[in-house]
Structure formats: C-alpha cells, structure tokens
Amino acid sequence: MSELANRVAAILGRVRAEKPLIHHITNLVVMNDTANVTLHVGALPVMAHAAEEVAEMVTLAGALVLNPGTLTADWVTSMLIAGRQANARSIPVILDPVGAGATTLRTQTNLRLLDELQIAVLRGNSGEIGALSGAGGVVKGVESVEGVRDPLAVARGLARERNLVVAITGPRDIIADGERAVAVDNGHPWLATLTGTGCMATTMVAAFAAVERDYLLATAGALAAFGLAAELAAAQSHGPASFKVALFDHLYHLTPEQLAAGARITAL
Amino acid sequence: MSELANRVAAILGRVRAEKPLIHHITNLVVMNDTANVTLHVGALPVMAHAAEEVAEMVTLAGALVLNPGTLTADWVTSMLIAGRQANARSIPVILDPVGAGATTLRTQTNLRLLDELQIAVLRGNSGEIGALSGAGGVVKGVESVEGVRDPLAVARGLARERNLVVAITGPRDIIADGERAVAVDNGHPWLATLTGTGCMATTMVAAFAAVERDYLLATAGALAAFGLAAELAAAQSHGPASFKVALFDHLYHLTPEQLAAGARITAL
Amino acid sequence: MSELANRVAAILGRVRAEKPLIHHITNLVVMNDTANVTLHVGALPVMAHAAEEVAEMVTLAGALVLNPGTLTADWVTSMLIAGRQANARSIPVILDPVGAGATTLRTQTNLRLLDELQIAVLRGNSGEIGALSGAGGVVKGVESVEGVRDPLAVARGLARERNLVVAITGPRDIIADGERAVAVDNGHPWLATLTGTGCMATTMVAAFAAVERDYLLATAGALAAFGLAAELAAAQSHGPASFKVALFDHLYHLTPEQLAAGARITAL
C-alpha cells in the first residue's frame with residue numbers, strides 16, 4: 001500500500017459519507033449507466049439540461065459533469081450557463097470531450113467550453129486530448145484510433161496552458177496538473193468492449209472531485225477505483241454484458257480498504 | 001391471502017390478457033428500463049413526445065405516463081397536449097413528478113400539470129409529494145433527503161384537494177384517494193441502490209390502471225407486484241446490477257397466483 | 001453448412017477485421033443497446049444528430065442507421081442531411097421505420113425518408129412494412145399486432161418499387177431485393193420479450209452492409225448472426241434481462257465458424 005493509495009481510499013470513504021449530488025449534462029447514450037455509477041459509488045445523480053433550471057440545480061451539486069457526446073446547440077447553451085454558475089461557486093466542473101477531433105463541431109465546442117469556463121478536470125482518450133491540445137491523434141466517431149506519441153508531455157503541456165488537471169485514459173491512465181503527474185495502472189481490457197466506460201470514469205472523477213479539492217489526487221483515486229472494480233469484475237465475466245453487471249456490483253461494494261490495497265498509482 | 005391481494009392478482013391477469021399500450025412521455029434516463037418493465041409485466045410500451053403525434057398516439061393507449069424527469073419546454077408542451085386528449089377520452093394519466101422541490105422549474109411544471117390536467121394517479125417519493133402539497137420535505141436532485149412527517153395525512157389531503165390517487169413510495173408505500181387509504185409493504189432495500197426504480201414503479205401503476213378503473217386498487221396492486229418481484233430477485237443478487245437483471249426476470253415470470261400469495265396490502 | 005452460410009460467415013469476419021464506423025441517428029430508447037451491439041459485433045458506434053455535424057460525421061462512416069423511433073422535426077431534418085451526404089458518397093443507409101402505421105407522423109416521415117433518400121435496406125416488422133407498402137397490417141405503438149398476409153410478396157413488391165432490400169423480421173425473417181429472396185430461420189422467442197431487439201437487428205444489418213455491397217446477403221447474414229446469438233443465449237437465460245446479458249455476451253464471442261455452422265438461410 002502506497003501513501004497515494006491510502007489517500008485516495010480516504011476520498012472514497014468521504015464520497016460514501018457525504019453523498020454529494022453530481023449534476024450531469026451528458027449524452028443520451030450513457031445517462032442511465034452514469035446515473036447508476038454515481039449511485040453505486042455513493043453519490044447522488046441528477047441529469048438536468050433545461051436552460052431554465054441548470055443554474056439553480058448546479059448550486060445544489062458537489063460537481064458538474066459536462067459531456068457533449070450527443071451535443072446540440074441548446075444543450076451547449078445549458079452547459080455554459082451551468083458551468084458559469086459552478087465557476088462562480090467554486091463547484092468543480094469535469095469535462096469529457098466525447099468525439100473531439102471527429103468533427104469540427106465537437107472540436108470547437110469542447111475548445112469553447114475550455115475557453116469560457118474554468119474546467120477542473122478534463123478527461124478524455126488519447127485521440128480526444130490530442131485534438132484539443134493540437135498534438136495530433138485521430139478520433140473515429142468517439143474512439144481514439146490513433147493516440148498522441150507522448151501522453152505525459154501532452155497532458156502536462158495542456159494542464160499548464162489551461163490551468164487544470166488533464167487525464168488521458170487508456171490501458172495506463174496519465175494524469176497531470178501544472179506541476180505533478182501520476183499514472184494509474186488499474187483497469188481491464190473488457191472496459192474497451194463496452195460503450196460509455198470513458199463516460200463512467202468521468203462520473204467517478206466528478207464524485208471524487210466533489211469531496212477532494214486536490215483534483216489530481218481525486219482523479220487518480222477515481223480512475224483507480226473504477227479500474228479496480230473492473231479487475232474484480234473480470235474474473236466473473238463471460239463477455240461484455242456480464243462484465244458490466246459485475247462491474248456495477250463491484251463498484252457498489254468497493255471499500256476504502258480494498259482501494260487502499262488495490263490502487264496502483266505511481267508518481268511520474 | 002387477503003381479499004385485497006386476490007383482487008390485485010386479478011388485475012395482473014388482465015394486464016397480461018389485454019396487453020394495453022402504455023404511452024410514455026418520460027425522461028431520457030429511464031426510457032429503456034421503463035419500456036422493458038412495460039413489456040415484462042405484459043403490456044406494450046411506446047415512447048413518443050413529438051407535439052405533432054402525441055394526441056394521435058395516446059388515443060391508442062390504455063394509459064399515459066407523464067414523467068418530466070429531464071424536462072424541457074417542448075416536452076412539457078407535448079405532455080399537456082397528450083394529457084388533454086387522454087382526459088377527453090377518459091384514458092388515465094399517471095404523473096411522476098421527478099425532482100419536484102429540487103428546482104423552481106420542476107416544482108412549477110408539476111403543479112401546472114396537476115392544475116391543467118385531470119391526473120388519475122400521482123406517484124412520487126416523500127420529498128416530491130411534500131413539495132407539491134406544501135407539506136415540506138427536501139429533494140436533492142431527484143432524491144428525497146427529507147420526507148414529510150405524516151405521509152398518510154399528506155397523501156389524503158392532497159388526494160382530496162386534487163381529486164386523484166396519491167402514492168408516496170418508500171420502504172412502506174402509502175396510497176390514498178379522497179376516502180380510502182392502503183399501505184403496501186412489499187419491496188427491498190436494493191431498490192434504492194438503482195436509478196429509475198421510482199419511474200419503473202410508475203410504469204407498473206400505468207399498466208394496472210389501464211385495465212382497472214379503481215385507481216387506488218390498481219396502484220396498490222402495481223406497487224405490490226413490483227415490490228414482490230424485488231423480494232424474489234434479492235435472493236439471487238450480488239449487487240445493484242445483478243439485482244436489476246433478476247428484478248426484470250422475476251417481473252416477467254410473476255403470476256397472479258404469486259401476487260395473491262405475496263402481496264402485503266393493508267387497509268388504513 | 002450451406003454456401004450462403006459460408007458467405008455470410010466471411011462477412012462477419014470482415015466486420016471484425018475492418019471495424020467500420022456505424023453512424024446512428026436513432027431513437028432515445030435503444031441508443032445504449034445499439035451502441036453496445038455495434039461494438040460487440042466488431043464495429044465502432046457513433047450517435048450524432050446535430051444538423052451542424054451529421055454531414056461531416058457520416059463521411060467517416062461505413063453505414064448510416066436512420067431510426068425515427070422517437071422522432072421530432074429537428075431529428076428528421078438531420079436524418080435527411082446525413083442521408084443525402086451518405087447517398088452522395090455511396091455509404092449505405094439502413095432505415096428502421098419504428099412505429100410506421102401507428103401515427104400519421106410516423107408513416108409520413110418514413111415515406112418521406114424513402115422518397116427523398118436512396119435507402120439500401122429497409123428493416124421492419126410486418127405491420128410497419130405493411131403500412132409503408134399499403135399492404136395492410138396494424139401497428140400498436142411500435143408493435144406489429146397484425147402482419148401482412150403474404151410477407152414474401154409484400155417484401156418483393158416494395159423492394160422492386162423502391163429499388164432496395166426489404167427485410168420483414170419475425171419468427172421467420174423474409175428478405176428480398178428486386179430479384180432474389182431468402183428466409184432466415186435463426187432467432188428465439190425471448191427476442192420478443194425485450195425492447196429494442198428490432199433496432200439491434202437493424203444495427204447488425206448496418207455493420208454487415210458496411211463491408212458487403214450485396215445488401216441482400218449482408219442483411220441475411222446480419223439477421224442470422226443476431227438470431228444465432230439469441231439461440232446460444234437462450235440456453236443460459238432465466239428471463240428477458242438475463243437473456244439480454246447472454247445475448248450481448250454471445251454476440252461478442254460469435255465466430256465466423258459458428259455462423260457458418262449455425263446460419264439457417266434458405267433461398268426462396
């Protein structure tokens with residue numbers, strides 16, 4: 001057990017004790033799954049995207065997830081309204097730039113969210129972060145089919161430029177802020193066979209960031225917890241769908257003690 | 001076996017025999033689940049929210065579910081159009097006031113639906129019903145974090161004032177119309193670990209109300225059936241996701257005989 | 001093993017090797033399921049419906065799915081934009097006319113898509129295809145409650161009139177183009193107990209059509225593969241929800257060899 005593992009285990013305990021509300025403005029594909037992940041990790045989900053209510057809703061929340069995976073103009077408007085209110089109240093905003101790089105609309109919308117809001121954590125796959133940082137990478141639909149060459153350098157550079165935490169997730173997750181960087185080696189190949197696991201990871205980050213102001217540590221803990229649940233689930237899975245069931249069950253039962261023992265987080 | 005249990009068991013038999021269409025205008029999070037619950041209990045689901053078609057669609061239906069859990073203005077417009085048509089044809093309208101009390105928009109929209117439509121059954125958690133009745137309660141996102149003090153008095157009062165059936169669901173479900181009241185004690189704590197179980201319960205109510213004009217009895221039967229399926233499922237579950245699979249499987253197989261034997265409905 | 005079975009097995013192999021992007025503009029109920037089906041069969045899903053991006057997104061795709069199951073005007077506009085671009089680039093467009101026949105809006109919208117776009121494959125249930133061909137049939141919500149009398153004649157007639165492949169799915173699937181026709185006898189009654197299995201079948205067709213220009217063969221192969229996975233899953237299922245888990249698991253593991261041995265495709 002590393003010191004980092006012990007610290008992130010304590011964050012999981014706080015999520016379960018404090019039950020923060022996680023306000024999602026997210027895509028239509030994963031809403032049910034991310035609501036369940038929020039509940040299973042110990043927080044409370046709400047999905048709300050009406051321009052008339054998002055500013056009021058977010059004031060109740062511990063964190064705001066912005067995920068423009070099935071974006072249209074009115075949803076982006078609501079993301080900006082909610083994001084500004086979250087910024088005004090120091091509520092962390094977590095951005096999942098689904099499909100950035102695949103179309104002009106997706107790239108520009110995510111850049112606009114980064115420009116107009118103070119994002120706390122940006123979590124994407126290698127192609128998406130590449131598209132937003134100008135470092136290359138190819139995104140086909142919502143999948144990274146070609147990543148950036150040096151994820152650590154890209155994450156660090158973007159983190160410094162934008163003053164936020166950047167997480168590039170994949171077999172090894174790389175997380176950086178302007179000064180520090182860590183790698184998380186939890187996870188399982190089954191995660192890549194299911195839709196929305198990136199979005200679920202983002203929801204985990206939001207739950208952890210809602211109770212821990214060191215967002216690099218919160219992000220590392222969230223990704224370690226999600227990856228560890230995947231490892232535990234894999235042993236009981238026969239394919240992607242039974243894996244999903246086991247993943248959610250294990251996420252629900254995951255204890256701080258298990259996380260302290262199983263988190264594989266390395267300072268870089 | 002109580003007489004009430006026998007009567008609600010017969011309703012389940014009629015749902016399976018008559019296969020009523022249940023028209024949902026519901027939230028984006030639970031659509032897949034509530035469509036499946038509709039099918040598994042023996043009815044036919046349709047999700048349709050275009051203003052151009054809802055009046056026509058609802059004329060085919062045995063019941064209409066209005067669930068503004070991810071409301072926007074255009075969806076509310078469609079709810080009103082469909083609801084008026086349902087009222088004109090004496091098709092029961094079931095309202096699930098998701099998140100009433102959490103934001104002004106949610107509270108006012110649900111009050112407007114109650115004002116402008118004749119709702120047959122209003123089913124919510126204790127905080128939501130508290131917000132709509134003025135009896136207190138606190139809702140955080142879509143969760144009741146503080147309920148009303150006297151659910152029976154609140155349900156009875158609101159039922160009389162609005163001339164409808166009110167169901168406040170929780171570990172003990174309280175159901176009242178202007179004159180009668182019953183409690184349903186079926187259910188399982190796993191239900192609270194899954195998103196959308198309230199919405200699923202509302203769908204069950206709609207299926208039962210589509211074939212039984214005594215809406216208090218229909219509501220009691222629907223909640224008993226849903227709770228009984230949860231009890232049967234719990235024995236085979238390792239966590240919330242395997243519980244969900246088992247819940248849906250048991251709902252599909254639930255027989256009127258099982259419901260007659262297992263429904264725990266008490267006149268109050 | 002028939003020659004047809006061997007040929008469709010080879011298509012499955014190409015889906016897994018080429019991983020085509022399948023662009024869906026589809027309904028809100030099934031998005032998560034069809035995204036997962038796309039991944040499990042070996043292709044890449046994207047769900048994108050903003051008018052500003054669909055023309056760009058579809059140029060990356062191997063096939064486009066149009067499924068107006070929860071249609072509104074803006075979504076139909078995006079379907080037309082994406083469809084025209086797909087036509088211009090010879091990317092096959094697969095249409096799933098969910099609920100055609102149930103309301104005027106649904107019937108007219110699907111006829112408009114058929115009129116204004118060159119559809120490669122139209123896949124629906126018997127009532128839906130009946131409504132679009134003028135051959136009768138009754139649709140209640142999204143369910144065919146009365147089919148056409150002679151599915152083969154109806155499919156052949158509509159295929160000739162519209163110059164496309166028509167698939168009428170049910171216990172026996174009938175597939176026709178202007179000259180040929182085949183039947184597929186794979187499948188299992190559990191499929192009718194789950195919402196969205198028609199939409200999942202359409203997604204399978206899109207994945208196969210993305211890599212095989214003989215769309216009749218592609219459609220037969222896709223429906224045989226989906227039905228075979230259902231047969232394999234049924235043995236391990238206790239109800240509709242455990243069946244769904246097993247169906248997705250088996251779809252993921254299905255090999256061309258299994259499909260060659262298990263596909264039951266008959267030339268008519």
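Read the figures in this text as sums done on the coordinates, not as results from a lab. Please read all numbers here as calculations on a predicted model, not as lab measurements. No Cβ is skipped: glycine too gets one built from the backbone with ideal geometry, and neighbour counts run over all protein chains shown.
General observations
- Here, P(r) means the percent of Cα pairs in each 5 Å bin from 0 to the largest distance; for region B:77-126 it is 5, 22, 31, 24, 12, 5, 1.
- When only Cα pairs below 8 angstrom with a gap of at least 6 residues are kept, chain A shows a relative contact order of 22 percent.
- Only the Cβ atoms of Lys and Arg (+1) and of Asp and Glu (-1) were treated as charged; on that basis the dipole of the protein assembly as shown about its Cα centre amounts to roughly 180 debye.
- Point-to-point label distance, C:Ser2-B:Ala17, nm (Cα→Cβ direction, 7 Å offset): 4.2 nm
- Centre-to-centre separation between the Cα atoms of region C:127-196 and those of region C:29-96: 22 Å.
- Simple point charges give the picture: +1 on the Cβ of Lys and Arg, -1 on the Cβ of Asp and Glu, and for region C:46-189 a dipole about the Cα centre of about 280 debye.
- Region A:185-268 shape via C-alpha gyration tensor axes, a/c threshold 1.5: prolate
- Gain in span if fully extended, C:Glu257 to C:Asp185, counting 0.36 nm per residue against the direct Cα distance: 24.1 nm
- Judged by the gyration tensor of its Cα atoms, with axes a ≥ b ≥ c, region A:1-98 is prolate; a/c meets the 1.5 cut and a/b is the larger of a/b and b/c.
- Antiparallel content of DSSP bridges confined to chain C, in %, to 5: 40 percent
- Chain C: most fluctuating residue of C:Ile168, C:Ile81, C:Ile119 per GNM, C-alpha cutoff 10 Å: C:Ile81
- As a calculated quantity, the FRET efficiency between B:Glu56 and C:Glu146 at R0 = 22 Å, using C-beta atoms, amounts to about 0.75.
- In the elastic network of chain B, a GNM with C-alpha springs shorter than 10 Å, the most mobile of B:Val29, B:Val98, B:Val54 is B:Val29.
- Cβ-defined net charge surrounding A:Ala224, 9 Å radius [Lys, Arg +1; Asp, Glu -1]: -1
- Cβ charges +1 (Lys, Arg) and -1 (Asp, Glu), total dipole of chain B, debye: 220 debye
- Evaluating 6.51 cos²θ - 1.76 cosθ + 1.60 at θ = phi - 60° for every residue in region C:55-69, the Karplus couplings come out as 5, 6, 4, 5, 5, 7, 8, x, 7, 10, 9, 10, 9, x, x Hz, glycine and proline recorded as x.
- Look at the stretch B:138-151: the mean tally of other chain Cβ atoms within 10 Å of its residues' Cβ atoms is 3.
- Shape of region A:139-199, Cα gyration tensor, a/c cut at 1.5: prolate
- Sequence-distant lysines (8 or more away, or on other chains) whose Cα lies within less than 30 Å of A:Lys244: A:Lys19, A:Lys140, B:Lys140, B:Lys244, C:Lys19, C:Lys244
- Rounded to whole Hz, the Karplus (6.51, -1.76, 1.60) HN-Hα couplings of region A:31-40, x for glycine and proline: 3, 5, 5, 6, 5, 5, 4, 4, 4, 5
- Summing +1 for each Lys or Arg and -1 for each Asp or Glu among the other residues whose beta-carbon sits under 13 angstrom from that of A:Ile11 gives +1.
- Lys/Arg +1, Asp/Glu -1 at C-beta; chain B dipole; positive extreme among B:Ala88, B:His188, B:Leu60: B:His188
- Fraction of beta bridges assigned by DSSP in the protein assembly as shown that are antiparallel (%, nearest 5): 40 percent
- Note on chain A: with a GNM built from Cα contacts shorter than 10 Å, the maximum mean-square fluctuation among A:Asp173, A:Asp33, A:Asp214 falls on A:Asp214.
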